[in-house]
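Below is one structure; the comments refer to it alone.
The values are calculated or read from the model by the stated rules, or taken from the named source; none is laboratory data. Keep in mind that this is a model prediction, so the values were computed, not measured. With ideal geometry, Cβ positions are generated from the backbone for all residues, glycine too; neighbour counts draw on all protein chains shown. In case anyone asks, the SASA skips ligands and DNA or RNA and just uses the protein heavy atoms, side chains included. Shrake-Rupley method; radii C 1.70, N 1.55, O 1.52, S 1.80 Å.
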Amino acid sequence: MTTESVFTGLKVLDASSFIAGPAAATVLSDFGADVIKIEPPGTGDPQRRLSSVPPSPRARANYSWHLANRNKRGMVIDLKSPSATTVLKRLVEWADVVITNFPHGTREKLHLGYEEVAGWNPRVVYADITGFGDTGPDAGQPGFDLTAAWSRSGLLASTRDAGAPPTVPVWGSGDYMSAIAIYAAIVTALYRRERTGQGASVGTSLLASGIWATGTLVAGALAGGTPFELHDRKAPANPLINPYRTADDEWFMLVASPPHWPGLTRAIGHPELLDDPRFTEAEGFVENSAALSELLDAEFRTQPFAHWKDALSRERVTYSLIQTPEEAAQDPQLRANDIVVPLEGVSGLTETISSPVNLRGVPKVPAKRAPDLGEHNDEILAELGFGPAEISELRAQGTIPGATEGAASP
């Protein structure tokens, strides 16, 4: 039984790779869009190999591939082949949305530039992502999420403790953040097309998404603000916003403010601190941060996390256990809210992560495995009007692989 959803009937050509563009197409597929993903011959999209590249967790199943490419149909096309344009043109004419992340210059050589695509289909929503934007001195520079979204934006420099060197963040996180930006741009353009009938060229960059994520600090710099030093857990800028350790070696993040102070003093069993002159004004928390963080450190180390969970919750003081990814994967809150959902058709992998976009009362389609390499070539070519003889000729010319070349599983 097919699940009807918001984008049922929407046709998407995913001519992108690794990771933001494909993930944006996956969000559309979650809501019923028919997504055709095209890959180059040989090994296909590099994301097919991401699950096996350190520091990705070692697992038998290709979880990364299915996360960003579920519910799609797959084709292998050598876009450098002279006859590839015939296939690409029909795909573009078929599509409502075309997504690419080929660099400027390369996309035009492969007949995926906006002007040519829009000439084939004036109503198309053309969405692209770059590392550093369309113009400027670094427009042509290759970008990954670790470089463009994290390093260049100020986010990585700010996400460390005082005295510690920069580290490697969760790779792919900048891509998945950017995927939501591309998705939003596509949906905005589709809404505009409903009103005007006009297609559009939309996009974003990893840098733009990284700057948006670092927005408070970058906006502060634009205002000429004076930054605080890097975070020092033992003398933080604000001891009420700080990680603390419990007696059973769990860590939790405390996120409180002066209005929470009375409840926090009761939670830690020291209501007399309300009369301490050091902490009667907001400025006092900053001026005496080392003393208060030392006091809180000592108190939180006296009891296990379960105790503090009850005490802080009772006083409605905001906190959260700092979980590992492995702990987060088993968190019942994820399944209660369909953040983790069943995945069909993958040996050794029964669940995946749903996109963070939800419409209450509107179902997403059930998550099914991502395509094998070139799995749907003949099916899609037939839908596009290519006859058996034409498909054989495309194979002979090397535009698409032979019958067995693209059949390997990811």
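Within the assembled protein chains, the solvent-accessible surface assigned to TYR319 is about 50 Å², based on a 1.4 Å probe. Compared with the dominant principal axis of the Cα atoms in the chain, helix 289-300 is inclined by about 90°.
Taking every protein chain into account, the 1.4 Å probe leaves SER52 with about 90 Å² of accessible area, to the nearest ten. For segment 96-245, a crude dipole built from +1 on the beta carbon of Lys and Arg and -1 on the beta carbon of Asp and Glu, taken about the Cα centre, is about 360 debye to the nearest 20. Neighbours of GLN323, meaning other residues whose beta-carbon lies under 14 angstrom from its beta-carbon, give a summed charge of -4 when Lys and Arg score +1 and Asp and Glu score -1. Of LYS368, LYS80, the residue with the largest accessible area leads and the full order is LYS80, LYS368 (1.4 Å probe).
Counting only heavy atoms of the protein chains, get the accessible area per residue of the chain (1.4 Å probe) and round it to a whole Å² value.
Details: 20770 Å² over 410 residues.
Per residue, the chain has an accessible area of 51 Å².
Lysine pair count for the chain (Cα-Cα distance under 15 Å; residues 8 or more apart in sequence or on different chains): 11. Length available on full extension from THR85 to LYS234: 0.36 nm per residue minus the Cα-Cα distance, which gives 47.5 nm.
Across the protein chains, with a 1.4 Å probe defining accessible surface, the residues GLU383, GLU229, GLU93 rank GLU229, GLU383, GLU93 from largest area downward.
For MET253 and THR188 in one chain, what is 0.36 nm times their gap in residues minus the Cα-Cα distance, to one decimal in nm? Before the final figure, lay out each step's value.
Numbers: separation 65, 0.36 × 65 = 23.40 nm, distance 3.60 nm.
Taking 0.36 nm per residue and subtracting the Cα distance, the gain is 19.8 nm.
Heavy-atom accessible surface of SER392, to the nearest 10 Å², is about 70 Å², with a 1.4 Å probe and all protein chains retained.
Just the projected area, averaged over all directions, of the convex hull on the alpha carbon atoms of segment 86-142: how many nm²? Can you show the working numbers first?
Working: hull surface 15.2 nm².
That works out to 3.8 nm², a quarter of the Cα hull's surface.
State to the nearest 20 debye the size of the charge dipole of segment 1-155 about its Cα centre, where the only charges are +1 on K and R beta carbons and -1 on D and E beta carbons. Write out the running numbers ahead of the final one.
Details: 16 positive and 16 negative charges, 117 e Å.
So the dipole magnitude of segment 1-155 works out to roughly 560 debye.
Using a 1.4 angstrom probe on the protein heavy atoms only, could you order THR43, THR246, THR135, THR8 from most to least accessible area?
Working: THR43 85, THR246 0, THR135 115, THR8 55 Å².
From most exposed to least exposed: THR135, THR43, THR8, THR246.
For the chain, the longest principal axis of the Cα atoms and the long axis of helix 20-30 meet at an angle of about 80 degrees.
Distances between placed amide hydrogens fall under 5 Å for PHE18 paired with GLN47, all partners being 5 or more residues away or on another chain. Here the calculated FRET efficiency for GLU116 and GLN333, from their Cβ-Cβ distance with R0 = 35 Å, stands at 0.15, rounded to the nearest 0.05. Taking θ as phi - 60° and the Karplus parameters 6.51, -1.76 and 1.60, the scalar couplings of segment 113-126 work out to x, 4, 4, 6, 4, 5, x, 6, 8, x, 8, 5, 9, 9 Hz in sequence order, x denoting glycine and proline. With N counted as the residues of the chain, its alpha-carbon radius of gyration over 2.2 N^0.38 Å works out to 1.18. Axis angle, to the nearest 10 degrees, between helix 305-314 and the longest C-alpha principal axis of the chain: 80 degrees.
Tell me the carbon and sulfur percent of the accessible area for the chain, rounded to whole percent, probe radius 1.4 Å.
In the chain, the share of accessible area belonging to carbon and sulfur is 57 percent.
Note on VAL286 and ARG395: the extension gain reaches 32.3 nm, defined as 0.36 nm multiplied by sequence separation minus the Cα-Cα distance.
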